[in-house]
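Worksheet: one structure, shown below.
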Amino acid sequence: MELNSYIDHTNLKATATLKDIEKLCEEAKKYHFASVCVHPYYIPLAKELLKGSQVEVGTVIGFPLGANTKEVKVFEAINAMDAGATEFDMVINLSALKNKDYRYIKEEIEEVRDAIDGHTLKVIIETCYLDAKEIKKMTEICNETFVNFIKTSTGFGPKGATVEDVELINKYRSGVLEIKASGGIQDIKAAEALIEAGATRIGTSHGVELMQVDCHCHHHDKNCKHECDCHHE
């Protein structure tokens with residue numbers, strides 16, 4: 001398993017500075033992560049810093065509460081795409097889900113999906129607020145709307161990704177839908193357990209720490225593929 005290819009290297013702190021995002025992007029290039037995930041404000045900077053690399057520029061839509069109207073989310077998505085984003089993590093309208101207004105949820109997902117011109121859409125369902133039936137329903141909606149990923153969490157709720165939630169999603173997802181686990185993933189054991197449960201992306205701000213541990217554990221030889229900081233003997 002090449003752990004780096006699973007990682008969306010993330011900094012969504014409210015106080016993230018230019019230096020923080022520069023560091024994030026340099027780390028993403030060094031470890032060949034799948035993407036960075038930054039607030040829309042930092043998309044142009046990330047795009048410039050990642051020019052020439054294979055790292056995608058990801059951002060968030062309707063973040064973190066999902067309570068914006070679908071029209072606002074569509075505008076956000078188009079604006080972010082025009083700025084250079086290629087992956088979009090959109091929070092669903094949780095109130096609509098609690099109201100069982102599934103038509104609204106499907107419409108907002110489809111409208112954002114259609115607005116981003118074939119780029120990657122990850123639908124954040126914030127599992128910490130949902131019961132098993134709601135997680136199953138959202139997985140079915142994501143199947144029906146043909147999005148790329150269903151994502152567990154924003155990282156701003158009271159609980160992040162769990163193996164149990166990922167297993168539940170994996171049980172009901174289509175063969176096309178992928179799972180992004182995010183929120184509270186700080187060590188390699190947690191990341192590996194979530195991947196084993198079915199996740200194909202890991203959203204974390206601890207990507208470097210995970211890679212350094214992974215390198216020590218699995219690549220401690222002179223032929224290590226990763227540009228890591230371990231010392232080969």
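The values are calculated or read from the model by the stated rules, or taken from the named source; none is laboratory data. Predicted model only: the values in this text are computed from it and were never measured. Please note: Cβ atoms are built from the backbone with ideal geometry, for glycine as well, and neighbour counts cover all protein chains shown.
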- prompt: Looking at D131, is it on the phi > 0 side of the Ramachandran plot and without any contact (Cβ under 8 Å) to a residue 40 or more places away in the chain?
  reply: no
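Would you mind finding the one in G66, G58 that is under 18 Å from I135 (Cβ atoms), of a type outside the set (S, T, N, Q) and modelled with pLDDT of 95 or more?
Values: G58 fails: under 18 Å from I135 (Cβ atoms).
Of G66, G58, the one residue that is under 18 Å from I135 (Cβ atoms), of a type outside the set (S, T, N, Q) and modelled with pLDDT of 95 or more is G66.
Could you tell me which of the residues G84, G62 is surrounded by fewer than 20 Cβ atoms within 10 Å (Cβ to Cβ) and not hydroxyl-bearing (S, T, Y)? Walk me through how you get there before you give the answer.
Working: G62 fails: surrounded by fewer than 20 Cβ atoms within 10 Å (Cβ to Cβ).
Going through G84, G62 in turn, the sole match is G84.
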- request: Inspect the stretch 11-24 for any residue being surrounded by fewer than 17 Cβ atoms within 10 Å (Cβ to Cβ), under 22 Å from V208 (Cα atoms) and touching a strand residue (DSSP E or B) at 6+ places or on another chain (Cβ under 6 Å) and give the result as yes or no.
  value: yes
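How many of the residues in the stretch 49-95 are closer than 17 Å to E107 by Cβ and either touching a His at 6+ places or on another chain (Cβ under 6 Å) or among the polar types (S, T, N, Q) (or both)? Before the answer, list the steps.
Restricting attention to the stretch 49-95, the residues satisfying the condition of being closer than 17 Å to E107 by Cβ are 61-62, 66-78, 88, 90-95.
Applying the additional criterion that residues be either touching a His at 6+ places or on another chain (Cβ under 6 Å) or among the polar types (S, T, N, Q) (or both) yields 68-69, 93, 95.
The number of residues fulfilling the criteria is 4.
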message: For the stretch 143-166, give me each residue that is touching a Gly at 6+ places or on another chain (Cβ under 6 Å) and not hydroxyl-bearing (S, T, Y).
response: G155, G160, A161, V166
task: Could you pull out the residue among H32, H9 that is more than 23 Å from G157 (Cα to Cα) and within 18 Å of the chain's Cα centre (by Cα)?
output: H32
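Taking the conditions exactly as written (in contact with a helix residue (DSSP H, G or I) (Cβ under 6 Å, 6 or more places away or on another chain) and more than 29 Å from V213 (Cβ to Cβ)), does I43 satisfy them or not? Steps first, please.
On the way: in contact with a helix residue (DSSP H, G or I) (Cβ under 6 Å, 6 or more places away or on another chain): yes; more than 29 Å from V213 (Cβ to Cβ): yes.
Considered against the rule, which asks whether it is in contact with a helix residue (DSSP H, G or I) (Cβ under 6 Å, 6 or more places away or on another chain) and more than 29 Å from V213 (Cβ to Cβ), I43 comes out as yes.
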- request: Would you confirm whether any residue within the stretch 58-72 is of a type outside the set (K, R) and in a helix (DSSP H, G or I)?
  value: yes
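Regarding K159, is this residue on the phi < 0 side of the Ramachandran plot, part of a helix (DSSP H, G or I), free of Cβ contacts under 8 Å to residues at least 60 places away in the same chain and surrounded by fewer than 22 Cβ atoms within 10 Å (Cβ to Cβ)?
On the way: on the phi < 0 side of the Ramachandran plot: yes; part of a helix (DSSP H, G or I): no; free of Cβ contacts under 8 Å to residues at least 60 places away in the same chain: yes; surrounded by fewer than 22 Cβ atoms within 10 Å (Cβ to Cβ): yes.
Criteria not met by K159.
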message: Among the numbered criteria (1) without any contact (Cβ under 8 Å) to a residue 24 or more places away in the chain; (2) buried (at least 23 other Cβ atoms within 10 Å of the Cβ), which one does I169 miss?
response: (1)
Residue list for the stretch 166-218, filter: assigned to a loop (DSSP other than H, G, I, E, B), charged (D, E, K, R) and under 25 Å from K133 (Cα atoms): R173
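Which one of these is buried (at least 17 other Cβ atoms within 10 Å of the Cβ) and among the hydrophobic types (A, V, I, L, M, F, W, C): I78, I125?
Selected residue: I125, the only one of I78, I125 that is buried (at least 17 other Cβ atoms within 10 Å of the Cβ) and among the hydrophobic types (A, V, I, L, M, F, W, C).
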message: So in the stretch 1-57, with the set limited to residues that are in a helix (DSSP H, G or I) and of a type in the set (S, T, N, Q), which one is farthest from A80 (Cα to Cα)?
response: N4
